[in-house]
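Everything below concerns the one structure shown next.
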Amino acid sequence: MAHGVATSRFQVKTEGREDVVDITDRVAEGVASAGVTDGLALVFALHTTVGLTIIECEPGLLEDFRDTWRRIVPREMEYRHNRIDDNGHSHIRASLLGPSLALPVSDGRIELGTWQRIVLLEFDPHPKTRHVVIKMIGECAGL
Amino acid sequence: MAHGVATSRFQVKTEGREDVVDITDRVAEGVASAGVTDGLALVFALHTTVGLTIIECEPGLLEDFRDTWRRIVPREMEYRHNRIDDNGHSHIRASLLGPSLALPVSDGRIELGTWQRIVLLEFDPHPKTRHVVIKMIGECAGL
Amino acid sequence: MAHGVATSRFQVKTEGREDVVDITDRVAEGVASAGVTDGLALVFALHTTVGLTIIECEPGLLEDFRDTWRRIVPREMEYRHNRIDDNGHSHIRASLLGPSLALPVSDGRIELGTWQRIVLLEFDPHPKTRHVVIKMIGECAGL
């Protein structure tokens, strides 16, 4: 076993408009494939209109979360960005939430609380294919 | 001295309802115990109704911060999640702020600005015991 | 090539009042100078009234982002912190957005999506000189 860096990538298809996609299993697979046993995993979405966070994936709660974004940063406001596109609200939400999420890895697995799930929020109005990179650092069985 | 990973854990008792707990000293102790001299420390709370951030611990400001959360994501709204629990607002706030905070470590200490303190925000209505993990990567005197 | 930690620092002069400074090139220079080829870069601002995030640097959108902060956390509210200073709103915004941003490094460069730029938001009302630290971990050509 040695110390090192490993990288994993995956794509997510979203349906647009506050779609919330549970990516926990995809991140877990990346960590398992890399053989990281102890360290960190950085999950990073390569886009300006999505965000990453942790939430309990209870369906009612996910709907509440969508409503919160619609209330705090409504689509139906004037955005200067909408002179060149239709997604000013999407960018603002994404920059508030952020595309970067760092997680602990222990005993070969992402360490999460009982109810914690990793989600990607699609803030763009339209369905998209999203690219996510996982960068892992630590002890790797495979190195 | 060698490069490696170290882990530290601690618990925090909170009083519920926007309690703000300064955990800077606990994180500093974890870094000191592990003997990390140069690298990163990831602080991660294993819960879906707390958040971590940096703030100046001036008592008036902490009260302002609590007020901001009550104003932006009020407890007194309808949340679908409240059909099965009483903390829809707590989950939403926690997912907005996030449970993950990465910090630089230099010269054997967490590197913070003069007024920066690490805080855990309890968004749940009720007192809780919270579990926090610190995952450190870098040069360790003890490895 | 070896595994290790590298640190870089730079300063940013801001104009106060929601000034948004694109620091992508500064971070990229830090990563290039350190010779990190694969790993993570943590960008951390050592202040309680600035925030870091990712956004597309389209001028209209940056103005929309400033407006959003003025709307969600207005300067013109009562803050207890303003009994001792004039920047209660600045602290609240900074604690909501956070001073910590972790990025993947691949092939010797920060890995970003096409439109992603790293920005520092100045929430203080007054022009300031800000100190930013970059802590990098991974494979370094220079170690």
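So B:ARG83 passes all but one of these: (1) free of Cβ contacts under 8 Å to residues at least 60 places away in the same chain; (2) at the interface with another protein chain (Cβ under 8 Å from one of its Cβ atoms); (3) within 25 Å of C:GLY51 (Cβ to Cβ). Which condition number does it fail?
B:ARG83 satisfies every listed condition except (3).
Against the definition (assigned to a helix (DSSP H, G or I), of a type in the set (A, V, I, L, M), under 28 Å from B:VAL5 (Cα atoms) and more than 15 Å from the chain's Cα centre (by Cα)), how does B:ALA32 come out, yes or no?
Yes, satisfied.
Taking region A:66-80, which residues are outside any loop (DSSP other than H, G, I, E, B) and either surrounded by fewer than 16 Cβ atoms within 10 Å (Cβ to Cβ) or charged (D, E, K, R) (or both)?
Within region A:66-80, A:ARG66, A:ASP67, A:ARG70, A:ARG71, A:ARG80 meet the criteria.
Answer yes or no: is there a residue in region B:94-116 that is of a type in the set (D, E, K, R), within 12 Å of chain A (Cβ to nearest Cβ) and either crowded, with 19+ Cβ neighbours inside 10 Å or touching a residue at least 24 places away in the same chain (Cβ under 8 Å) (or both).
No, the conditions are met nowhere in region B:94-116.
Check whether at least one residue in region A:42-65 is loosely packed, with under 15 Cβ neighbours inside 10 Å, in a helix (DSSP H, G or I) and either more than 7 Å from every other protein chain (Cβ to nearest Cβ) or within 16 Å of the chain's Cα centre (by Cα) (or both), and report yes or no.
Yes.
Is there a residue in region B:54-77 that is over 23 Å from C:LEU46 (Cα atoms) and among the aromatic types (Phe, Trp, Tyr)?
Yes.
Just checking, which of B:GLY4, B:GLY39 is in contact with a strand residue (DSSP E or B) (Cβ under 8 Å, 6 or more places away or on another chain), in a strand (DSSP E or B), at pLDDT below 95 and more than 27 Å from B:HIS91 (Cα to Cα)?
Answer to the check: B:GLY4.
Quick check on C:ASP124: is it assigned to a loop (DSSP other than H, G, I, E, B), of a type outside the set (A, V, I, L, M, F, W, C) and crowded, with 22+ Cβ neighbours inside 10 Å?
Answer is yes for this residue.
Can you spot a residue in region A:7-24 that is of a type in the set (A, V, I, L, M) and within 10 Å of chain C (Cβ to nearest Cβ)?
Within region A:7-24, none of the residues are of a type in the set (A, V, I, L, M) and within 10 Å of chain C (Cβ to nearest Cβ).
The values are calculated or read from the model by the stated rules, or taken from the named source; none is laboratory data. Note that this is a predicted model, so its numbers are computed, not measured. So basically every Cβ, Gly included, is an ideal-geometry build from the backbone, and we count neighbours across all protein chains shown.
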